[in-house]
Amino acid sequence: MIVTVLPSVIKGTIQAPSSKSSMQRACAAALLTHGTTWIFNPGNSNDDIAALDVIQKLGATVIKNNDGSLTVSSKGVAPLSQEINCGESGLGVRMFTPIAALSSKEIVISGTGSLLTRPMDFFDDIFPKLGIAIKSNNGKLPLLIKGPMMPRDIEVDGSLSSQFLTGLLMAFGAAGARNVSIKVKNLKSKPYIDLTLQVMKHFGWQVENKNYKEFHFGEPAAQASGINKKLQGNYTVEGDWSGGAFLLVAGALAGDIKIKGLDMYSAQADKAIVEALKSSGAKFNIDNEAFDVGPAPLKSFYFDATDCPDLFPPLVALAAYCEGITTIKGVSRLAHKESNRSLSLQEEFGKMGVLIKLDGDNMMIQGGAALKGAVVTSHHDHRIAMACAVAALKAWGQTIITAAEAVDKSYPAFFSDIKLLGADLNIK
């Protein structure tokens, strides 16, 4: 798909998309819950669709209701297939692999696209300690695993991703872990673990968080058997701060807009975009649980994105229009995404006239100069496509984005949403 974006003034009200971080965790919890769960405000991104496929292959049944909600019925992990495919979802493969290992059946874990090149040697190291047989492709997909998992005291390295820990926490809870702990060193993306613990608590599993260095499973009566025996319940998927960040930045650059569906009390890491917007001088206000944002003179800022690396693309789009040099910390978190995002951002924004320098863990963006339209590519990375589109709203001339279908991974309605707000764009 090729999208052409012209300079635009946007205005109006828009609903934030559903959070795929919240949705995928809800799918996993519904699978592990014995009984029926209704999921409201479900997402429809490629990652969400992959998660629904995975839980069905692992034994759940899913029905889409007339009101858009989903009914998930499950008796726990009972694989119906010898292979599960997590699509291109990093969270999906890292979360569902430990969950699939609750079964004693031999299962192949596969994926597509850039996921095939991402490191998965974490499992090679940890799984044998939990009684799980594993064979990987030199530390990459596909993985061949055979459980059942036996929860034990272990220590894991959280420096690459917190997503491995999410899977272990949920699997330990469902396996009935008692008086065991997962110790963690160098944990990154702590807010995402907060979201995991929040979802687990909603579904009935209690985990003691000891300052993010140890997660202890005790013996509360509610989980003594390990199985959540709730017969029915519901979960409403949150609005997505990751996708909402692009809408907020679009408003700060190109027009006054109102965004609904974002919760300031969410555990999602990417709500930190609010602090960046305030630091940049953008016009920003919270009114009746909606976010009003609009253009104002913008100044450079410093932002530590170590715990929220998905904010790099919208932050770069924002920084490009801020007077002075903006510094964003956390570049080390960008190498193993859908693309190497630091290099992708440097290359594509460079085409639009933005100078980006990389210095160790810091990215410096020289902002304030007029951006020019250019032919750019997404690198098959959804967040690069959205960042280029947002920046193009205020650039001189047209910007052509190739491989723009990458947005389907997390925010399929992105281009139609900004078009509803008045963006002048064409989709081919």
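Nothing in this text is a laboratory measurement; each read-out follows from the coordinates by a stated rule. What you see is a predicted model, and the numbers here were worked out from it, not measured in a lab. Here Cβ is always computed from backbone atoms with ideal geometry, including for glycine, and neighbour counts include all displayed protein chains.
So for the stretch 1-108, considering every pair of alpha-carbon atoms, how many percent are separated by more than 19 Å? Working shown, then result.
Working: 2759 of 5778 pairs.
Across the stretch 1-108, Cα pairs with separations above 19 Å total 48 percent.
Could you tell me the calculated FRET efficiency between Leu355 and Ser104, based on Cβ-Cβ distance and R0 = 56 angstrom, to the nearest 0.05? Spell out each step's value before the answer.
Details: r = 56 Å, r/R0 = 1.00.
About 0.50, to the nearest 0.05.
Compare the Cα positions of Leu168, Thr327, Ala252 along the charge dipole of the chain (+1 at Cβ of Lys, Arg; -1 at Cβ of Asp, Glu; about the Cα centre) and return the one farthest towards the positive end.
Leu168
Please state the charge dipole magnitude for the stretch 318-385, taken about the Cα centre, from unit charges on C-beta atoms (+1 on K and R, -1 on D and E), reported in debye and rounded to the nearest 20.
Numbers: 8 positive and 7 negative charges, 12 e Å.
It comes to approximately 60 debye.
With θ taken as phi - 60° and the coefficients 6.51, -1.76 and 1.60, list the Karplus ³J(HN,Hα) couplings across the stretch 116-128 in order, rounded to whole Hz; mark glycine and proline as x.
Values per residue, Gly and Pro as x: 5, 9, 7, x, 10, 5, 3, 5, 4, 7, 8, 4, x Hz.
Under 5 Å between amide hydrogens, which residues at least 5 positions from Asp153 or on another chain qualify, with H placed 1.01 Å from N in the peptide plane?
Hits under the 5 Å cutoff: Ser181.
Here are some pairs, Lys201/Lys419; Lys210/Lys271; Lys278/Lys372; Lys201/Lys394; Lys129/Lys271; which of them have Cα atoms lying more than 32 Å apart in this structure?
Flagged as over cut-off: Lys201/Lys419; Lys201/Lys394; Lys129/Lys271.
What net charge do the residues around Met363 carry, taking every other residue with its C-beta under 12 Å from that of Met363, with Lys and Arg at +1 and Asp and Glu at -1? The partial results should precede the final answer.
Values: positive: Lys329, Arg333, Arg341, Lys357; negative: Asp304, Asp359, Asp361.
Within the 12 Å Cβ shell, the charges total +1.
Can you tell me how much longer the chain between Lys11 and Lys299 gets when fully stretched, taken as 0.36 nm per residue apart minus their C-alpha distance, in nm with one decimal? Display every interim value, and only then the final one.
Values: separation 288, 0.36 × 288 = 103.68 nm, distance 2.25 nm.
Stretched fully, the Lys11-Lys299 segment lengthens by 101.4 nm.
Taking Cα pairs under 8 Å and at least six residues apart, what relative contact order does the chain come out at, in percent?
Values: 1041 pairs, mean separation 85.4, N = 428.
Relative contact order for the chain comes out at 20 percent.
Under a crude label model (7 Å from the Cα following the beta-carbon direction), how far is Met264 from Val375 in nanometres?
4.6 nm
Calculate the dipole size of the stretch 25-114 relative to its Cα centre from +1 charges on Lys and Arg beta carbons and -1 charges on Asp and Glu beta carbons; express the result in debye to the nearest 20.
Values: 6 positive and 7 negative charges, 52 e Å.
Roughly 240 debye, rounded to the nearest 20.
Hey, got the Cα dimensions of the stretch 61-198 along the principal axes, in Å, largest first?
Sorted largest first, the three principal extents are 45, 32, 28 Å.
In a shell of Cβ-Cβ distance under 9 Å around Ile145, excluding Ile145 itself, what net charge do Lys and Arg (+1) and Asp and Glu (-1) give? Walk me through the numbers before you get to the answer.
Details: positive: Lys135, Lys146; negative: Glu106.
Surrounding charge for Ile145 is +1.
So for the stretch 1-121, if I pair up every lysine 8 or more residues apart or on another chain, how many of those pairs have alpha-carbons under 25 Å apart? Display every interim value, and only then the final one.
Details: Lys20/Lys57; Lys20/Lys64; Lys20/Lys75; Lys57/Lys75; Lys57/Lys105; Lys64/Lys75; Lys75/Lys105.
So the count works out to 7.
When the Karplus curve 6.51 cos²θ - 1.76 cosθ + 1.60 is applied with θ = phi - 60°, which whole-Hz ³J(HN,Hα) does each residue of the stretch 40-50 get, with x for Gly and Pro?
9, 6, x, x, 10, 6, 4, 5, 5, 4, 5
Cα centroid distance between the stretch 248-276 and the stretch 301-326, in Å?
Using only Cα atoms, the two centres lie 14 Å from each other.
Could I have the simple spin-label model distance between Asn65 and Lys283, label points 7 Å from Cα toward Cβ, reported in nm to one decimal?
4.1 nm
Just to be sure I understand the model, the point goes 7 Å from the Cα along the line to the Cβ. What's the resulting Asn362 to Arg178 distance in nm?
5.3 nm
Could you tally the net charge around Val108, taking each other residue with its Cβ under 13 Å from the Cβ of Val108, Lys/Arg +1 and Asp/Glu -1?
+2
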